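Report on the structure given below.
The values are calculated or read from the model by the stated rules, or taken from the named source; none is laboratory data. As the structure is a prediction and not an experimental result, all values here were calculated from the model. Accessible surface is based on the protein model in full, side chains and every heavy atom, while ligands, DNA and RNA are left aside. Shrake-Rupley method; radii C 1.70, N 1.55, O 1.52, S 1.80 Å.
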Amino acid sequence: MPIDIGKHVAYWRTGAAEDIETSRLLLEHDRRRAALFFAHLALEKALKALVVKATGDLAPLTHNLVVLAEKTSLEFQESARIYFVEMNRFSLHGRYPDPDRPLPGHREAEAYVRRAEETLAWLIQR
């Protein structure tokens, strides 16, 4: 049975919008680990929407932004790929905190969330 592509794309996009808003709210309360985790999650969901749109199939079961970006029909600049690699660490750090790898300071976390918001807006337009 074929999947409803529009329904799945809308599902991922809605989740992405909710998660970036959650990220911003968490950052306002200096919950950096969770804020960065939700920023990553928002990007993941936006990329999954694009993968579904490009492939006509369900989104793959991965959290890796680089892998997801490669499965879309978009071409990303190297700077975007590097940013996705950096953001991937927050997915892991959100799930498995490591006391030997401190979180970015508030200003740096703010910059990551701001860039996630900008990237998300760009992805949604696609």
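What is the range 77-126 by shape, rounded, prolate or oblate, if you read a ≥ b ≥ c off the alpha carbon gyration tensor as root eigenvalues and call it rounded for a/c under 1.5, prolate for a/b larger than b/c, and oblate otherwise?
In terms of gyration-tensor shape, prolate.
log10 I(q)/I(0), Debye, Cα-only the chain, no solvent, q = 0.15, 0.23 Å⁻¹?
-0.64, -1.35
Working out 0.36 nm times the residue gap between GLU28 and SER73, then minus their Cα-Cα distance, what length gain in nm do you get to one decimal?
12.7 nm
Extension gain TRP122-ALA54, at 0.36 nm per residue separation less the Cα-Cα distance, in nm?
Between TRP122 and ALA54, full extension yields 22.9 nm more.
How much mean residue ellipticity at 222 nm does the chain get from its helices, if each DSSP H run of length 4 or more adds -39500 (n - 2.57) and you divide by all residues, to the nearest 500 deg cm²/dmol?
Result for the chain: -25000 deg cm²/dmol, rounded to the nearest 500.
Quick one: helix 106-125 against the long Cα principal axis of the chain, what's the angle to the nearest 10°, folded into 0 to 90?
Computed tilt is about 10 degrees.
Using a probe radius of 1.4 Å on heavy atoms only, what accessible surface per residue do you get for the range 1-107? Whole Å² is fine.
On a per-residue basis, the range 1-107 sits at 60 Å².
Can you tell me the orientation of helix 78-95 relative to the chain, as the angle in degrees between its alpha-carbon axis and the longest Cα principal axis, to the nearest 10?
Compared with the principal axis, the helix lies near 70 degrees.
Can you tell me the 0 to 90 degree angle between the C-alpha axis of helix 32-55 and the longest principal axis of the chain, rounded to 10?
10 degrees
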